[in-house]
Structure formats: C-alpha cells, structure tokens
Amino acid sequence: MKCPVCETTNIKESAQFCPTCGYELAPDLLTLPGISPALMAKERQRIAWAKKLWADAQAEMTQAKTAKMSGESSLRHLSKQVEDLIDIQSQLSLKLIEVVGGNLCTRFSRLEERLEEIASQQRDLSAAIAQKIHKQRQSLPERISELEQRVEAIASQLPNLSATIQQETINKRKDPLISGIATLEAEAPVTFLPKTSQPSSIDLGSDLKSDLGSDLASDLASSISHPHVSGLQDSRKTGYLPTFSFTTVEVSHLGKIINQKKLKAQYLSENIGDSVTLDMVLISGGVFAIGSPETEKQRQENEGPQHLVTVPDFFMGKYPVTQAQWEVVMKNNPSSVKGANLPVENVSWNEAIIFCQKISQITGKNYRLPSEVEWEYACRAGTTTPFYFGETITTDLANYNGNYTYGDGSKGLYRGKTSEVGTFPPNAFGLYDMHGNIWEWCQDVWHDSYHNYDAAPTSESTGKRQEKIRNVLRGGSWFDYPVNCRSAYRCQGNPARKYEFFGFRVVCLLPETA
C-alpha cells in the first residue's frame, strides 16, 4: 500500500496509519466505482490538506535542525570566547600582582587617605652644606688637640701604673685616633664622621688585661667612670660592658662577596622576664649625610635633600623585636607566621609605643622607637652605598622579593615570609636585619622631604603632630622589591594599621641623653 500524503510505499495492507506521517489509511475512495463527484472532491480536499500539514511539518523539522546546528556552533564559539576571557583575566591578574607587588605598603597608605600628594623638590647640596664641611675641616686640628688632652687625662688617672705602661697605653690610644682623624679629613664631604669621644675605662681595662692580669684590670676599669654608660645597671655591677664578635661582608656591583671583616661591638643585655633577654648594641654617635645622593639608582624624591646630621650615642636593638620578646611583655602574639625567634609582625605603631612603655617600666630605662635619623645612621654604619654591604643586594644577604633585582645584582629566592632574626650578615655596628625581613616603625611623623623636617632634624626629632598623622617605616620587608630595602628608602603608614610585614626594633637612651 502507498500513503497518498507522504507517498511512503510498501505499507502493510492491515496498517491503519502511515508509519511516516501518521495519516489515517482509509480505503482509496477515488478508485471505488460509483462515488459521487462531491464525495470525491471532499476526499481530494482532505488529502490535499493532509499533504500541506505534512509539508509544513517537514519544513519546521528542517528549520529546527538548522537552528540546532547553528546553536551548537554558537555555543562552541561562545565557549571559546569564555576560555579566551579566562586566559586574559589570568594574565591581567598576574600583571596586576607584578605591578602592585613590592609597593603594596605605599599603595595601602595612599588608598587609606585616598589623596595624599607627594610634592617634593630636588636640590643640589647647598652652599650651606659646603660651608658646614669647610668649618668642620677647620675644627679638626682643635679636635685632635682635645683628643690628646683627653688621652693625657686618662693617663693621669693611673697613678699605680709605671711610667712605661702609661706611655704604652697613651700611644696605643693616641695613634689610631690621630690616624682616624686624618682619614676623616680626606673623606669629609659625604662620609660617616664618628664623633670624637674620650677613650673609656672599659676599653682601657680590656686592653690591659693581658699585661696586668684580669683582677688588676677589673679594679682599674671600675675605678674610672665610663663616659657613655655611667648610671646603667650593668656598668654599676661589673664596671664594663661585654662585647660580641661578628663578621661583616662587602660585595661587588654584581653582588659577589669581595671582602669580610671580623669586628666587635659592646652591648647591654636586658632580662625582660621568663629568661628572655633583649640585646642592645652600643652605637657611638657621629655626623653623617642623611638621605641619598641624586646619583643613587631609583632614588625617590622624598630621600632629599641630603644634608649632614649629628647623632649622639645610643643603644639600639641588635635584632627586630622577636615574638618571644613580645609575648613575655604583651602576653599575646599577633604574628601571622609563628616562631619564637621570628620578628613579631602585624604590629601597629600605637602597639609598638605601648611595648616601649612597658619595657621601660620593666627595666627602669628609657626605651622608645628609633627616630628616622637614628635608624638610617645605625643602618648605614659608616657606609654611603645604597646598602651597608655595597652597591647591590642579594637574597644571600637579606630577605626580600628575589624575583626582582637592584643595580647589577641577580635574581634569587622569594621566601614569601619572615626569616629568623640574625640569619644574614650584620653591618659594621653589629646590627642584623636592617635590610628586608620586616618593615620597622620609627618614632617620627612623616614628612614628604627633608626640606621642612623641623629645620635640622636630630636623633630625638619626632616631627610635628598633624591632623592626619602618618608615621615613618624603614628597611623594607620579605614582601618588597630590593629597591625598597635601601638604607635611604622611606615609607609611611597609618599608626593604627598593622600588616604581616610591619614590625619594629627599639632604642635605649644613655643617661646623659635620656
């Protein structure tokens, strides 16, 4: 049988409906004899209507198939676009991290206040600085004479020593001092100028031990007052400050170690409770050029103008304050990465001030945060290069983001967290971790440059309080670019804010400067 609508053939005679189009298969009226014309017309009309429906259905099916194919193609194209967008987003995220990365500390500060413009001006070292240097050179002969008088005064206090021992002692002290003054005169324009001071009975007693025996040397040292530590508990008990030995390094412009020196420094060890100590290194005062020269690579405008500053003697923490020290004083630990010998972090300026107040009560001495002048003086330790070990920095010498370089240095490790204090070589003062590891709060209020920094900032300058207070941070951190870890680099922060790369170290004033 054949379907009159879709013309499907070979249909079973017993079938009631077409298996293709579903048309009801009635007897073919058109072939039956005696059918009236009206009935035949109606039958033809029914078949024609069924054919039309079938044709429309086939057209819709064709259209649906076409739409399905088009939709699948569009879906594949859309999926490809989504994948491309995800890839672009990933690249943008990486780029954003790269751009924002090491300067996050400064960017946080700017975002918090929304608009803080840094309007700094560049100046050459003024004629006034040149005049100061000239005056200083003129005063050098007087200083030499003063030193000779002080050496002779010490000699006069040693009546029990023979004339031979006295003369040997005087010469031992006098010749290096005169030689040092001659070196200073040659380097006066921008180099570290140590402040002349009377040789101490502590040093003298140490030098005489080998000649006189420890008992006589101790009695001699305790009989002469020490000009720097008179009044301190340790000096009253023992008559002298202990020393520790350390090794400093100097690197080439490529970051390779080219020189090593073994040095000693005096220190004061404070017991702050639970057998936890705080080592404070004696920093001899002097004159130095604060800020960076205009020739220093990647120098910031707020690092100038460079000028000479006089710094008195003071004690400074050998390391940043550790978590063990913080816990024994503050009875908590806010650090993100825990470890007794790791520097405490996540500390605000306000909290650091409270720590200083509490430790002053515990020890009976005057503890506070370092001024910005004290911090840079202590960091440089007599150097004028961007870092205290030379012109560049490597991750063998400090903890910072080693994916980036400074000067001719090479890339290194990015540790991604703080490292234990004392891991890297110290500077010539015996201070550790002054470059990288943790940003260190300073006492001072932020100023955009040294132009209006209380005219001539001293080690005790803390700036003028303003309505929108910002405090100074120094040293860079494990998170920062190497350029941010330079001796002269300055950062600012809200005193109430704390991040996992904010910490501090403390200073202790000598009795005569407290």
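The values are calculated or read from the model by the stated rules, or taken from the named source; none is laboratory data. Computed from a predicted structure; not experimentally measured. Cβ placement follows ideal geometry from the backbone for every residue including glycine, while neighbour counts extend to all protein chains displayed. All accessible areas refer to the heavy atoms of the entire protein, side chains included, with ligands and DNA or RNA removed. Shrake-Rupley method; radii C 1.70, N 1.55, O 1.52, S 1.80 Å.
Considering only protein heavy atoms and a probe of 1.4 Å, how much of the accessible area of region 307-378 is carbon and sulfur, as a whole percent? Roughly 52 percent, rounded to a whole number.
Efficiency by 1/(1 + (r/R0)^6): what FRET value for Lys338 and Gln138, r their Cβ-Cβ distance, R0 = 45 Å, to the nearest 0.05? Provide the component values of the computation, followed by the final result.
Values: r = 56 Å, r/R0 = 1.25.
Efficiency at R0 = 45 Å is approximately 0.20.
Going down the table (Lys262/Lys331; Lys80/Lys417; Lys256/Lys417; Lys297/Lys338; Lys256/Lys498), which pairs top 31 Å between alpha carbons? Present the calculation step by step, with values, prior to reporting the outcome.
Values: Lys262/Lys331 38 Å; Lys80/Lys417 39 Å; Lys256/Lys417 25 Å; Lys297/Lys338 36 Å; Lys256/Lys498 36 Å.
Lys262/Lys331; Lys80/Lys417; Lys297/Lys338; Lys256/Lys498, as the Cα separations exceed 31 Å there.
Extension gain for the segment Glu60 to Ile88, taken as residue separation times 0.36 nm less the Cα-Cα distance, is 6.0 nm to one decimal. Rounded to the nearest 20 debye, the dipole size of region 327-443 about its Cα centre is 380 debye, using +1 on the Cβ of Lys and Arg and -1 on the Cβ of Asp and Glu.
With R₀ fixed at 60 Å, the C-beta to C-beta distance from Asn403 to Glu13 puts the FRET efficiency at about 0.10.
Largest first, what is the accessible-area ranking of Asp480, Asp56 with a 1.4 Å probe? All intermediate terms of the calculation are to be shown ahead of the outcome.
Numbers: Asp480 5, Asp56 65 Å².
Ranking Asp480, Asp56 by accessible area, largest first, yields Asp56, Asp480.
Percent relative contact order of region 288-423, based on C-alpha pairs within less than 8 angstrom and at least six residues apart? Over region 288-423, the number comes to 20 percent. If you sort Ser74, Ser487, Ser269 by accessible surface, 1.4 Å probe, largest first, the order is Ser74, Ser269, Ser487. Taking label positions 7 Å along the Cα-Cβ direction at both Thr295 and Ser70, the computed distance is 7.4 nm, reported to one decimal. Heavy-atom accessible area for Ile438, with the other protein chains in place and a 1.4 Å probe, reaches approximately 0 Å². Taking 7 Å steps out from each Cα toward its Cβ at Asp274 and Lys358 produces label points 1.0 nm apart.
For region 255-386, what is the accessible area per residue in Å², given a 1.4 Å probe and the full set of protein chains?
Per residue, region 255-386 has an accessible area of 38 Å².
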